[in-house]
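Undergrad: Input: one structure, supplied below.
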Amino acid sequence: MEHFAVIQSIVRAGLAGDPEAVDKQVLRLRERLEKAGATKEAATLERLRAAARDTQELAPSRVEMSRGHISGEVLEQGVNPPIDRETGARLCTVDFPGRNGRAPVYGAVVSETVEGLLREWASEAALQEVGVSPTRSLLIYGPPGSGKTITAHYIAVRLGLPLVVARIDGLISSFLGTTARNIANLFDFANRYACVLLLDEFDALAKLRDDPQEIGEIKRVVNTLLQNLDQRHNFGITIAITNHDRLLDPAVWRRFETHLQLGEPDEPARESLIARFLQPLEPPASTLRVFSYCLAGCTGADIERVCTAVKRTLALSGESHDGPGLFHALSSVLARAPQHDHVAARILAVDQEAFISLIANDGTLSLKQTEIGEATGYGQSRVSDLKKAKRHLPLLEASHAQ
Ligand SMILES: Nc1ncnc2c1ncn2[C@@H]1O[C@H](COP(=O)(O)OP(=O)(O)O)[C@@H](O)[C@H]1O
Ligand SMILES: [Mg+2]
């Protein structure tokens, strides 16, 4: 029997009452199924994992012990963050991320990196035995809307630490001499307390080096930043975020021990995101497949936007909250948006029947005619006719000709 070894590992972990190990093995099974082309089953497993993560409280129980090892005073609500002396602008804000948020949805590789980092903090003693310490610096990069900021917040929640969020606009003073001082003050503040220092939109600072104007001063600013980053290593955890990894100087890049690339979610992650963002609706699996098919190449934030618009449209349409209602709402949301990356979305935006012909003919989607019916409201014989007529071909050709 195929995949029996993994199933056996799942059973073993389950019986031993080790949910983390169960999750890891389920992830393995999901990857194998995906490789074997069983995308539907893989997506189902991913949905189950996501649902389990959602219900699991975000309390940092498993990593609580790490707190003691991150030096610094306890940062209380109400502590005043440092300010720019000339303008009075705040150099950072302090966030106490709530525990009731939900874990972001990740593909296998990202999930492994994030959980691995958290595991390091939970097993500091084991690491020390071999002379290493947990990762203290992380650089997250990827396109806008790929979940970078929420990932930093999630890590802080799991570590049970507040976030000191640098305000890059506050830091960069029109007086460059002041910028260097601001950076130093910011790091002094962050190093004093047990916290995660978050440098969001980090490229704004780090790319200064290439600015042809005032080159000498700018170099000084960047060097201050690099020195502070190096010293910070003895204190807390630093997470930097950038949309444009190529703008970062290799010297900055090297400062970070772990690099985490976020991007567009893969098929199973997309379905989990769609299911999450369509809540409280509980669409059938076939609807999730159809949505996911149209939203290939979208970021998490794009998916959220589309799902919210679909719910608004559905609520106003008076249609039933089932597959067909959602299908019509998706079609009108796509029709209103100016452009789409994916050809399926472009076709659904203009012609629902052509879209049905497209999905009925697409072997990779492997939706049965009954499932297409459930997701769209078209009767089986109509689906079958549309499939035979290949209604989508002219649109597909037109789309490719563009
Ligand atoms: N992987 C993901 N899991 C869950 N939600 C996501 C994910 N990626 C994006 N989102 C949604 O998109 C929104 C924007 O994410 P954010 O972290 O601000 O993106 P970025 O910082 O990369 O621009 C979030 O509020 C969240 O609702
Ligand atoms: Mg962001």
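The values are calculated or read from the model by the stated rules, or taken from the named source; none is laboratory data. On a predicted model such as this, the values are computed, not experimentally measured, just so you know. As a convention, Cβ positions derive from the backbone with ideal geometry for all residues, glycine included, and neighbour counts pool all protein chains shown.
Undergrad: Among the residues of the range 1-43, write down those that are outside any helix (DSSP H, G or I) and loosely packed, with under 12 Cβ neighbours inside 10 Å. It would help to see each step written out before you state the result.
TA: From the range 1-43, those outside any helix (DSSP H, G or I) are 1-3, 16-18, 36-38; that's our starting set.
Across the range 1-43, the qualifying residues are 1, 2, 16, 17, 37.
Undergrad: Related question: Check whether at least one residue in the range 319-326 is crowded, with 18+ Cβ neighbours inside 10 Å and within 23 Å of the chain's Cα centre (by Cα), and report yes or no.
TA: Narrowing the range 319-326 to residues crowded, with 18+ Cβ neighbours inside 10 Å: 323, 325-326.
With within 23 Å of the chain's Cα centre (by Cα) added as a condition, the list becomes none.
No, the range 319-326 has no match at all.
Undergrad: Check the range 257-274 and report whether any residue there is more than 16 Å from ligand 1 (Cβ to nearest atom) and in contact (Cβ under 8 Å) with a residue 24 or more places away in the chain.
TA: So the first thing to find is which residues in the range 257-274 are more than 16 Å from ligand 1 (Cβ to nearest atom), and the list is 257-258.
Now narrow it down to the ones that are in contact (Cβ under 8 Å) with a residue 24 or more places away in the chain: 257-258.
Yes, that holds for at least one residue.
Undergrad: Looking at (1) in a loop (DSSP other than H, G, I, E, B); (2) more than 16 Å from ligand 1 (Cβ to nearest atom); (3) surrounded by 15 or more Cβ atoms within 10 Å (Cβ to Cβ); (4) of a type outside the set (Lys, Arg), which is the only condition residue 104 fails?
TA: (2)
Undergrad: Being more than 22 Å from residue 107 (Cα to Cα) and in the same structural domain as residue 379 (by TED's automatic domain parsing) narrows it down to one of 292, 332, 286, 272, so name that one. Outline the logic, then answer.
TA: Values: 292 fails: more than 22 Å from residue 107 (Cα to Cα); 286 fails: more than 22 Å from residue 107 (Cα to Cα); 272 fails: more than 22 Å from residue 107 (Cα to Cα).
The unique qualifying residue is 332.
Undergrad: In addition: Out of the residues in the range 244-261 that are at pLDDT 85 or above and surrounded by 16 or more Cβ atoms within 10 Å (Cβ to Cβ), which is nearest to residue 142 (Cα to Cα)?
TA: The selected residue is 260.
Undergrad: Looking at residue 154 and the list (1) of a type in the set (Phe, Trp, Tyr); (2) over 15 Å from residue 24 (Cβ atoms); (3) not in a helix (DSSP H, G or I), which single condition is not satisfied?
TA: All conditions pass for residue 154, except number (3).
Undergrad: Here's something else I'd like to know. Quick one: count up the residues across the range 127-168 that are within 16 Å of ligand 1 (Cβ to nearest atom), in contact (Cβ under 8 Å) with a residue 60 or more places away in the chain and over 14 Å from residue 117 (Cα atoms).
TA: 13
Undergrad: Same structure again: Mind checking which residues of the range 221-276 are more than 24 Å from residue 180 (Cβ to Cβ) and assigned to a helix (DSSP H, G or I)? Steps first, answer last, please.
TA: Of all residues in the range 221-276, those more than 24 Å from residue 180 (Cβ to Cβ) come to 243, 245-246, 257-276.
The answer is 245, 246, 267, 268, 269, 270, 271, 272, 273, 274, 275, 276.
Undergrad: Please find, among 364, 370, the residue that is under 30 Å from the mean Cα position of the chain (by Cα) and not aliphatic (A, V, I, L, M).
TA: On the way: 370 fails: under 30 Å from the mean Cα position of the chain (by Cα).
None of the others qualify; the one that does is 364.
Undergrad: Any chance the range 380-396 includes a residue that's surrounded by 13 or more Cβ atoms within 10 Å (Cβ to Cβ) and within 21 Å of residue 306 (Cα to Cα)?
TA: No - not one qualifying residue is present in the range 380-396.
Undergrad: Tell me, which residue of the range 85-101 that is part of a loop (DSSP other than H, G, I, E, B) and within 16 Å of ligand 2 (Cβ to nearest atom) is surrounded by the fewest Cβ atoms within 10 Å (Cβ to Cβ)? Before you say what the answer is, go through the steps one by one.
TA: Our first condition is that a residue be part of a loop (DSSP other than H, G, I, E, B); within the range 85-101, this holds for 85-89, 91, 96-101.
Of the ones still in play, those that are also within 16 Å of ligand 2 (Cβ to nearest atom) are 97, 101.
Details: 97: 21, 101: 12.
The selected residue is 101.
Undergrad: Closer than 15 Å to residue 294 by Cα, of a type in the set (A, V, I, L, M), modelled with pLDDT of 95 or more and crowded, with 16+ Cβ neighbours inside 10 Å: does that describe residue 365? Explain how you work it out, then say what you get.
TA: Values: closer than 15 Å to residue 294 by Cα: yes; of a type in the set (A, V, I, L, M): yes; modelled with pLDDT of 95 or more: no; crowded, with 16+ Cβ neighbours inside 10 Å: yes.
So residue 365 fails the test.
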